[in-house]
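Below: one structure, written as structure tokens.
The values are calculated or read from the model by the stated rules, or taken from the named source; none is laboratory data. Note that the structure is a prediction, hence the values are computed from the model and not measured. When we count neighbours, we look across all protein chains shown, and the Cβ atoms used for this are built from the backbone with ideal geometry, even at glycine.
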Amino acid sequence: MATSGGAGRTILHVDMDAFYASVEQLRRPELRGKPVVVGGSGRRGVVAAASYEARAFGVRSAMPSMRARTLCPHAVFVAGDHAHYAEVSARVMAIFRSMTPLVEPLSLDEAFLDVTGAQRLHGDGPAIAAEVRRRVLAEEGLTCSVGVATSKFIAKLATEQAKPSASVRGPIPGTGVAVVRPGDERVFLRPLPVGALWGVGPRTLEKLHGLGVRTVGQLERLPLEQLVRTLGEAHGRHLHDLAHAVDPRPVVPDQRPKSISHEETFAEDIDDARALHTELVRMADAVARRARHQEVAGRTVAIKVRFGDFTTTSRSVTLPQAVDTGPAIVRAATQLLDQIDIAPGVRLFGVGLANLVDDAPHQLSLDDLTGAAEAPAADGAAWSAVTEAVDAVRARFGDDALLPAALAEGGSLRAKRAGEQQWGPNDRGSSPGEDRV
């Protein structure tokens, strides 16, 4: 179900304020008022989020952790706890859905809400935005900022104007809610830098500057034909529409994920094939577990390999049948990995499933019929029954209750969790939630 684009809509864009860092400061009172950095604390780590106290020193998300340490030497580094953030996010999204069924999550801390049909029950857009903020604060102890407009694009831009400001003493509250009234969209857009538009990256920005375009208002006055000649048909029309506040995209709830993946940056480069295979098995098991949890399977298996010099290689294969088991992903990913020389040392490795479909009944495979040595790794009915039993045991006793046997040989009997080490390794192997000052 989705709303149709057009006039008369009321769209909210809700963005949690410094979500990961705020969650850590909430559950650990001793961190309140301190510059908190969530992410990988090791020399290869990346900042996932920074509290407003840390932002005052110039720390930002996606920044290398070593750079963050230089900017804010007294920052408290906290290893990300993705599982806990997901739990909090689920409760926040439930608040959103209590206001309207049309909720489109963008990430754990961000969502669009179409409240067009909810206004008779809950009031107009600004009133609903204020109620969302009140409930999130009352029920979760967290703050959020809300943009209200007639389209997703304008609502998201409005949210930025409602955000708190950073200071060494903590966040300086913003308006909390920013509203762009119907008919005021182009007036709102015109003074904004053209880089604020979706789809304007560094190369596009350079081309627009070459045309003398630095604000959305200047872009609005540019003829469509000139934009198309400079940027191409699709991109030129896209930016022309945005500059004229045209964004009919609907809020689409309950979207199926386009892909499921797990990748990690290692503390040290890996050039040993057996060690990398152990990581492959662990990641494939995590990806398969998440696919089954979301009741999808994937026909395309992909790997990503980044070496110490940051050169990156990707490989993928599309299978005749969608898969959702660790052994099936391992088998396909191993064939891909065998095509790559890892001797230079692997800095980052990832495994993913794409081309997702609804979980379909497993067909009996040739391996099941022949009883070949590799049959335990087959995707047929026999392995499906084993997988269901494994999932049931893990649901009751935890993800580490049953693990692939290959991990015993690797010497680390521990499952991969969603989001684990996605921000790089931590100092001395710190676990989620552990400080590194």
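Does residue 314 satisfy the criteria of being over 11 Å from residue 353 (Cβ atoms) and either of a type in the set (A, V, I, L, M, F, W, C) or under 23 Å from the mean Cα position of the chain (by Cα) (or both)?
Yes; evaluated as a whole, the condition is true for this residue.
Filtering the range 227-243 to residues that are out of contact with any helix residue (DSSP H, G or I) (no Cβ under 8 Å at 6 or more places or on another chain) and either in the same structural domain as residue 153 (by TED's automatic domain parsing) or on the phi < 0 side of the Ramachandran plot (or both) leaves 233, 234, 238, 241. In the range 43-78, the qualifying residues are those that are among the small types (Gly, Ala, Ser) and in contact with a Gly (Cβ under 6 Å, 6 or more places away or on another chain), and the one that is farthest from residue 18 (Cα to Cα) is 45.
Filtering the range 212-266 to residues that are more than 24 Å from the chain's Cα centre (by Cα), among the charged types (D, E, K, R) and surrounded by 16 or more Cβ atoms within 10 Å (Cβ to Cβ) leaves only 220. Just so you know, in the range 109-136 the residues that are surrounded by 14 or more Cβ atoms within 10 Å (Cβ to Cβ) and basic (Lys, Arg) include one that is nearest to residue 177 (Cα to Cα), and it is 133.
If you take the residues of the range 64-92 that are under 20 Å from the mean Cα position of the chain (by Cα) and surrounded by fewer than 17 Cβ atoms within 10 Å (Cβ to Cβ), which of them is farthest from residue 128 (Cα to Cα)? Top of the filtered list is 64. Scanning the range 205-227 for residues that are in a helix (DSSP H, G or I) and either closer than 12 Å to residue 242 by Cβ or of a type in the set (Gly, Ala, Ser) (or both) yields a count of 6.
The set of residues in the range 137-164 that are crowded, with 20+ Cβ neighbours inside 10 Å, among the hydroxyl-bearing types (Ser, Thr, Tyr) and either in contact with a Pro (Cβ under 9 Å, 6 or more places away or on another chain) or not in a helix (DSSP H, G or I) (or both) comprises 145, 150, 151.
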